[in-house]
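A short worksheet on the structure shown next.
The values are calculated or read from the model by the stated rules, or taken from the named source; none is laboratory data. Keep in mind that what you see is a predicted model, and the values were worked out from it rather than measured. Methodologically, a virtual Cβ is constructed for each residue, glycine included, from the backbone with ideal geometry; neighbour enumeration extends over all protein chains shown.
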Amino acid sequence: MPEEFGPVGRGEAIQALSREVLIRRSLDISPSGFITIISIIQGVALGLLAQNTFPKPTVLGGIQSVTLLLVFVSVFYYYLTMSVLLRWAPSFLDCFLPFVIASLEIPPAFFLGNAVAWNAWLAGFWFLTMGGLMITTKWSPVSHFGNVRKAHRLLHDLLRELRYTAGIGGFMVAFCALCAHLIPWQRQGWGIVGAGTVLAMVAMIVARTELRASQIHALYGVNRPPFN
């Protein structure tokens, strides 16, 4: 005979809170929440990028558009990788940072073909990204890795490499914006240099993340070859 249950009143809990339930809920909502936020913002950014790329295409605008698309992909890839490696109970800061950082991908889509503004917005994006990486480093103790200290060290090596890439690259892109502003007859050239710098940064971020993620997975016996 099936077990009979009494009537459940309106608003009654279907699952009482406990330590295990709280942990499971945090684990479930943490990655899906971040990926959902990033996906929504990047969907908006991608739509604006397409809208502003095709009406008045230029050489510089086309290069900047492709570069920005790869920035979108690298940001999504980073959050996807971190959601696999790190899990914690989300706080307000965890909700705030993805909105702020990912939202800075949107303004450059309005300045395709404008070497000064496009480079300046990308510089701001990279500087803020560097700050976000510093916060991630602070709140990623060894407990995330079951006290496997080598995995913890590899993650922090990755975050340090990404911070340096974002910081140095941000200064270089800001320099391109400044030069484009001060030397107007060479703006297209500085715009192309700025886009090339961002492309190099994206390549470095993807390469280092692939390598470090592969090494961390290998420590746990999981086969994840880089660039597989």
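A few notes on this one:
- Qualifying residue in the range 123-141 (condition: closer than 19 Å to residue 84 by Cα, touching a Lys or Arg at 6+ places or on another chain (Cβ under 6 Å), free of Cβ contacts under 8 Å to residues at least 24 places away in the same chain and surrounded by 15 or more Cβ atoms within 10 Å (Cβ to Cβ)): no
Here's the yes/no breakdown for (1) over 19 Å from residue 163 (Cα atoms); (2) at pLDDT below 95:
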residue: 184; (1), (2): yes, yes
residue: 191; (1), (2): yes, no
residue: 200; (1), (2): no, no
residue: 213; (1), (2): no, no
residue: 226; (1), (2): yes, yes
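- From the list 224, 187, 208, 212, the one residue that fits, being in a loop (DSSP other than H, G, I, E, B) and either touching a helix residue (DSSP H, G or I) at 6+ places or on another chain (Cβ under 8 Å) or among the polar types (S, T, N, Q) (or both), is 224.
- Residue that is surrounded by the fewest Cβ atoms within 10 Å (Cβ to Cβ), among those in the range 158-199 that are under 15 Å from residue 114 (Cβ atoms) and under 19 Å from the mean Cα position of the chain (by Cα): 195
- The set of residues in the range 67-101 being of a type in the set (S, T, N, Q) and in contact (Cβ under 8 Å) with a residue 40 or more places away in the chain consists of 67, 74, 81, 83.
- Conditions (1) part of a loop (DSSP other than H, G, I, E, B); (2) under 20 Å from the mean Cα position of the chain (by Cα); number of the one not met by residue 136: (1)
- Residue in the range 102-110 that is surrounded by fewer than 20 Cβ atoms within 10 Å (Cβ to Cβ), touching a residue at least 12 places away in the same chain (Cβ under 8 Å) and over 22 Å from residue 178 (Cβ atoms) present: yes
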